[in-house]
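Take a look at the structure set out below.
The values are calculated or read from the model by the stated rules, or taken from the named source; none is laboratory data. None of the values given here were measured: they were computed from a predicted structure. Using ideal geometry, Cβ is built from the backbone for each residue, glycine included, and neighbour counts are taken over all protein chains shown.
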Amino acid sequence: MKHFPDRRCLLRQSGLGLGALALGMMEANTVRAADPLAAKVSGHRPRARRLIHLFMNGGPSHIDSFDPKPELAKYAGKPLPGPVPVTERVTGAAMPSPFRFRKWGQSGTEISDMFPLLARHCADELCVVRSMRTDSPNHEPALMLMNCGEQRLVRPSLGSWLVHGLGNESRDLPGFVVLCPDGLPVQEGQNWQSAFLPAACQGLPLDTGRPNTDSLVEYLHNPALAPAAQRRQLDLVRRLNPVADPLADPRLEARIASMELAFRMQVEGADAFDLDRETTATRKLYGEGTQGRQMLLARRLIERGVRVVQVWTGAGQPWDSHDDLEANHRRLAHDCDQAIAALLIDLRRRGLLEDTLVLWGGEFGRTPTVELPTPGSNLGKLNGRDHNPYGFSVWLAGGGVRAGTVVGATDPFGFHAAENPVHIHDLHATMLHLMGFDHEKLTFHHAGRDFRLTDIAGKVVKEMMAG
Amino acid sequence: MRLLMPITFLLFSFSCAMAVASGETPWALTGWNQSAPPILNGDSSSVRNFIDQFVLARLKQQSLTPSPEATPETLLARLHHSLTGLAPSADQREAYLADKNPRRYEAALERLLADPAYGERWARHWLDIARYADSKGYAFLEDRHLHFAWTYRDWVIDALNRDMPYDQFVREQIAADRLHPKGSGGRENLAALGFLTVGRRFLNNQHDILDDRIDVITRGLLGLTVACARCHDHKNDPVSMEDYYSLYAVLAGSREPDDLPRLRSEPLSQAEKDFQTEQQRRDDAVDHFVSLRRAEVLSRLAQPSVIAPHLLAASADAATQTVLSGEYDLNPAVVSKWRDHIAAQSDADPLWGPWKALAVLPAEGWQKAANLLASNSVRQPEWSRALLQPVPVDRMDLARRVAELLERARRGEPALAEYKLQLTGPKSPLNIPLEQTGKLLGRVDRDHQRDLQRQADEWRAVTPPSLARAMVLEELPDPPIARVFKRGNPLRPGPEIPRQFVDCLVTGAPVALEKGSGRLDLAHALTRPDHPLLARVIVNRVWMHHFGEGLIRTPGDLGNRGEAPTHPALLDWLARDFISHGWSLKHLHRTILTSATYRQSSTRRPELEERDPDNRLLARQNVRRIDWETLRDRLLQSAGRLDNRRGGPPEPVLAWPHSNRRTIYTYVERQNAPGAPRAFDVASPDTSTPRRHETLTAAQGLFLLNSPFVLEQAIALAKRAESDNDPVNALFRMAWGRAATERERAEGVVFLKGSTQANSGTPSLWSCGQATLRDGAVTEFVPLSHFTGSAWQATALLPAPKTGKMHLTASGGHPASDASMVVVRRFTSPADMTVSVSGTLEHPDYRGDGVSASVVGPDGRVIISWSAKQRAIATIAGPIRLLKGQSLDCVVAPGKDPGYDTFLWSPVLIDQATGKRYDSAREFDGPPVPAITPMAQLAQALLLGHPFHFVE
């Protein structure tokens, strides 16, 4: 029963004390707070310490990007043989991909001309999983499953679990930051909710569509007082509340420390958001648009110790191409291709890719069959695809990932994951494994039972991991 | 206590893992602990009531001594914190310290229990249990406000202030509608049902809504986790799926009526009548549209030319069906109904038989087969010849003939009498029940319906409080039969089970939940005084709020991993005392707060730190950190601005102009909660929360250092103190509730001497407003009055009548729903100059008819306009001459359809002579912050200090 003195010692060494504070979840008065990490770490060596999740919300088409299906050409304009599974809406005949695939890099990974720069520069970094599957053909439950491991009920997000499990190594910034330009994705804040985990584990959403990146964090700047004046205020607080008494409640000192942390964050946090501090060459590498800005910001954040950065394509569900799939996918991919390739190149150059896990993907894929007109829901152009939860692709790169590989396969038309299917729970289990956790042991006791990200499912996919 | 379950069933949260392993009865399921307060030998000077007897006896066992009583000043502050969450005023403090009455403490206690602020404080604790929020959570395009949730919040405050007996308090929240049927008294208690209805709406998934209600009842009231048994018997606790689905059936037997009952019964004023009439008109518009479209769609679906392709699709394989769907406008729900209808017909039926035989044959050789059938079938009755003669050319031809015959039957042709009802009768595939009307409406219709609904909801949002309604449940006439859903899957119902109360909480025979839906029986079963659980749980939680820790330190988890009580006999004695005093919470407060145990000093002692560092034995009080509500209330209180009005609709928590009302009256957003309250650990409105997390984060520090709310209170506090003879001392008194020491005062004076006034930067040249646009002229500019932190808007909450979702952010916004109104970004020129306008107008939604934007010159005339619908366009204009002080307006109007009008447009003006850019996004700004004087800086420093944040 020594944990008060222990914690005090911790705080006394101010650097460490701040580090502990930066965990963001010092349970200041609970008896079980001792060390929320100790029991959670499974013991194996983490291969990644940070996660960047590039969320292509709306559901990008795997058939047009990472999973070539030449068989579709044979059935162009005709119904596919065999039963067509139920998707959100009605689809009709087969629709071959308007994009052209070829093999890239030494690995020969097939990528379409939707992502030319990524293909040219990063193909050998990627582990493409072509046999993903999820449980729902609708956006909301599929988003929830991808982000929180549960379709409907309120559960903590993957990012929240990681911050809970790993703590936040940043001294100046929150542990989980969400970047999304000009609004929120469908299902909004639930995508990064902490649910029953402490609020400090929740994602902090930043609108990267805003021109002033330094105004992204709430209350980061005082509208009138200069730092020097605030320094005097904090010094006065310290003098008025001396912690001379060794028996004083440790929360008092911890509180002072948290305000010191806030004070420093005003300066150093602002630094993280100031893209003007990058060289012209780096800014050119990422490109000038919103996607370039937010990918670069993602790198600056993880560089400064943020554990999880989730980068969304945009508000609503941009990749949801029920019509004009080719034009829409080309535009969206063109907006982010350079930025994503730049991110991987830049991470590699800085030695960060080794222990940063990067995940690219949407909440599901799209049908190999063309979507038929539905009054009011699409424009009836017969050139789009419906949602497909039965098979789709994601890719991973970085820490611990088996680079330059393709895992699993869909059927000849790309409808179903056919070979080595990977459920979302399996993806989560594997990602947690790479980050040093046994998905069955990273739990939180709430409402009478232990909850975990993968509920009662999930298996680690060895094929996705470097040997 | 009945414990018949196998030991693997012992799920109960009270039990500790050891008890389960050893086969002992889990603590929580045991009967009353009958131990009387121990008799203390020797010195009993520190005994004030039986609580102290229990506590001292344990301390003695450990050879520890209790702490001395805290100082009167500390005690008064602690008492105020415990009961009202507010600080004592200077007058109250002085009067208390001057009072020579030996019972001044008890007098203060009674004064506070009678203070309405007591109910406001304790209602907040209860709302954590009730996972209260003013919004539904994610609702896609639906109105997301729970407009009348606040009537439940106000009911809780009022019930606590009236000291409603706790058992009744619980019963009202489960079954007020049954306790107070129409025409009886007590109807104001209907609002209590908010306990069940203010939860998340899960996009209207009924199973999840009911699961949430089961959880709030069982975990919220009993600390028992029944919701675990949704998919399987609880692995460790004695709760079975039968228990879960009994409760499920009870709750599924009620619904929320469309027309919620009014809470007040007084006659309406003319204004109230007018409001109601308008509400009725808007609600009727929705119903009218839906029923009109329903009739139109059904009449189309009954035409033979439409029936035919439906029949074809109903009998086709999936691939053909998808192709058919592309060619014809099919309704999938109706196709599926036709499929069932056809399947139910006899193969020998003269109308359906041939269809069934021929519809499934392949196209190749089809006519030959039809010919064969035609020549071999008995052509009886006469009308049936029309089916196959002449031989139909293809399936569609045959389908049309079937459809024509059905139509002839519908018209009443006597020979076809037996088919008369196939298009119109109750078993007709075209008989779509009213509640499934949504399946008939296409997305265009549904969008229009949603728009009408939005207009009705906007009006509802501004309902005068006097017309507020209770969020009730009402029982269905035919409550459903209880069935277990195998593995939680509603598509796999099991056999019927009896509806009864959770088995492990029942002594003796099962308690049936029979009458009506069983909800009233449930209310009574929960509050039976023969089971200790309900009283134990609430007594433990009340204790927790007075001491910072409960007697069971895991108040939300009485299961396997929950802790056993530190003082089990005390907990039960208190609980029985509570019940025998009529379940009076005020009596319970009185008992706890008058104990010597509560009144101890919180100062730490070396021997305690050594031997009982977690203070489980209660040899001292605990220092308490104030929570979010108390923090915000006290900031307002020290600024002298706390608004004491009680009740009513919620106000935004931190938007400008800042609400000065107590924090319990601020809007609780379920989906995208504002950062500051979350940073200070408010309860998540998604789950019943008996105890909040307590964290320390930089976000808390940033709020205290930089938020306009805190700065505004510091400035007001400084002004208050300045009128005092000794302003520095007054500051300490107002902020910390005590006089400054000599040293503190000296520090304050030195600080003031070294400080200079801080001014906020120059105000932005851009401002936000609304105006009227008529005949190319813009008039009646009014600045937008509310700032949310990122958006300017005309009202505190959105949407509102006329203005709808109108707002402006740095990068864009939303126009009004009234087409004559425009939302305006106004530039006021700092000098004479000629400018050009650039920028991009984007309408990102793929629905709606877009927005139009205009640039309006200093004379109020439109210079140039653009419109954007589901696309982006460049907005280039100029040159435009502006004199110093003149304004240029960039305005946006909605299209004809006021939905889906979110736009992005942040124009930039460029001074043609100098090239200087005036960027409306970069220069977008909130309300100006007034100058911060040295006194205000000192005031803020004190608000940052420990004495403001901790209660000793």
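The table below lists the values:
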read-out	value
Members of region A:424-449 that are more than 14 Å from every other protein chain (Cβ to nearest Cβ) and either among the aliphatic types (A, V, I, L, M) or in contact with a helix residue (DSSP H, G or I) (Cβ under 7 Å, 6 or more places away or on another chain) (or both)	A:Ile424, A:Leu427, A:His428, A:Ala429, A:Thr430, A:Met431, A:Leu432, A:Leu434, A:Met435, A:Phe437, A:His439, A:Leu442
Matching residues, region B:849-863, being free of Cβ contacts under 8 Å to residues at least 60 places away in the same chain and either assigned to a strand (DSSP E or B) or on the phi > 0 side of the Ramachandran plot (or both)	B:Gly850, B:Val851, B:Ser852, B:Ala853, B:Val855, B:Ile863
All positions within region A:304-317 that are closer than 20 Å to A:Phe115 by Cβ and touching an Asp or Glu at 6+ places or on another chain (Cβ under 9 Å)	A:Thr313, A:Gly314, A:Gln317
Check on B:Arg641, in a loop (DSSP other than H, G, I, E, B) and modelled with pLDDT of 95 or more	yes
Residue selected from region A:89-111 under the condition out of contact with any Asp or Glu (no Cβ under 6 Å at 6 or more places or on another chain) and in a loop (DSSP other than H, G, I, E, B), by the criterion nearest to the other protein chains (Cβ to nearest Cβ)	A:Val90
Strands (runs of 3 or more DSSP E) completely within region A:301-408 that count 3 or more residues being more than 24 Å from B:Tyr328 (Cα to Cα) and touching a helix residue (DSSP H, G or I) at 6+ places or on another chain (Cβ under 6 Å)	A:308-312
Segments classed as helices (runs of 4 or more DSSP H), wholly inside region B:343-439, with at least 1 members that are among the hydroxyl-bearing types (Ser, Thr, Tyr)	B:366-376
Evaluation of A:Gly398 against (1) closer than 20 Å to A:Ser107 by Cα; (2) surrounded by fewer than 24 Cβ atoms within 10 Å (Cβ to Cβ) (one fails), failing number	(2)
Qualifying residue in region B:550-563 (condition: out of contact with any helix residue (DSSP H, G or I) (no Cβ under 9 Å at 6 or more places or on another chain) and surrounded by fewer than 21 Cβ atoms within 10 Å (Cβ to Cβ))	yes
When residues of region B:673-698 are limited to those that are more than 18 Å from the chain's Cα centre (by Cα) and more than 7 Å from chain A (Cβ to nearest Cβ), the one nearest to A:Leu206 (Cα to Cα)	B:Phe680
Hits in region A:245-302 - residues which are polar (S, T, N, Q), surrounded by fewer than 20 Cβ atoms within 10 Å (Cβ to Cβ) and within 12 Å of chain B (Cβ to nearest Cβ)	A:Thr290
Single residue of region B:1-29 satisfying the filter (surrounded by fewer than 17 Cβ atoms within 10 Å (Cβ to Cβ) and of a type outside the set (A, V, I, L, M, F, W, C)) that is modelled with the highest pLDDT	B:Thr25
Criterion: surrounded by 14 or more Cβ atoms within 10 Å (Cβ to Cβ), more than 14 Å from chain A (Cβ to nearest Cβ) and modelled with pLDDT of 85 or more - qualifying residue of B:Ala344, B:Ala359	B:Ala359
Answer from B:His581, B:His589 - the residue that is closer than 27 Å to B:Ser45 by Cα, crowded, with 18+ Cβ neighbours inside 10 Å and either without any contact (Cβ under 8 Å) to a residue 60 or more places away in the chain or not polar (S, T, N, Q) (or both)	B:His589
Of all residues making up region B:696-709, the number that are of a type in the set (Val, Ile, Thr) and surrounded by fewer than 24 Cβ atoms within 10 Å (Cβ to Cβ)	0
Any hit, region A:118-140, residues being within 14 Å of chain B (Cβ to nearest Cβ), modelled with pLDDT under 95 and assigned to a helix (DSSP H, G or I)	yes
Residue that is nearest to the other protein chains (Cβ to nearest Cβ), among those in region A:226-244 that are loosely packed, with under 13 Cβ neighbours inside 10 Å and among the hydrophobic types (A, V, I, L, M, F, W, C)	A:Ala226
Total residues in region B:767-791, condition more than 14 Å from every other protein chain (Cβ to nearest Cβ) and touching a residue at least 24 places away in the same chain (Cβ under 8 Å)	16
Of all residues in region B:742-791 being more than 39 Å from the chain's Cα centre (by Cα) and part of a strand (DSSP E or B), the one that is surrounded by the fewest Cβ atoms within 10 Å (Cβ to Cβ)	B:Thr779
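The rows are residues; the columns are (1) at negative phi; (2) touching a residue at least 12 places away in the same chain (Cβ under 8 Å); (3) surrounded by fewer than 16 Cβ atoms within 10 Å (Cβ to Cβ); (4) not assigned by TED's automatic domain parsing to the domain that holds B:Asp394.
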position	(1), (2), (3), (4)
B:Asp284	yes, no, yes, yes
B:Asp287	yes, no, yes, yes
B:Val290	yes, yes, no, yes
B:Arg293	yes, yes, no, yes
B:Glu296	yes, no, yes, yes
B:Pro309	yes, yes, no, no
B:Leu312	yes, yes, no, no
B:Ser315	yes, yes, no, no
B:Thr320	yes, no, yes, no
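For (1) in the same structural domain as B:Leu179 (by TED's automatic domain parsing); (2) over 22 Å from the mean Cα position of the chain (by Cα); (3) more than 17 Å from B:Leu210 (Cβ to Cβ), each residue gets a yes or a no:
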| position | (1), (2), (3) |
| --- | --- |
| B:Arg450 | no, no, yes |
| B:Ala456 | no, no, yes |
| B:Val462 | no, no, yes |
| B:Ala482 | yes, yes, no |
| B:Asn489 | yes, yes, no |
| B:Glu496 | yes, yes, yes |
| B:Thr507 | yes, yes, yes |
| B:Ser517 | yes, yes, no |
| B:His531 | no, yes, yes |
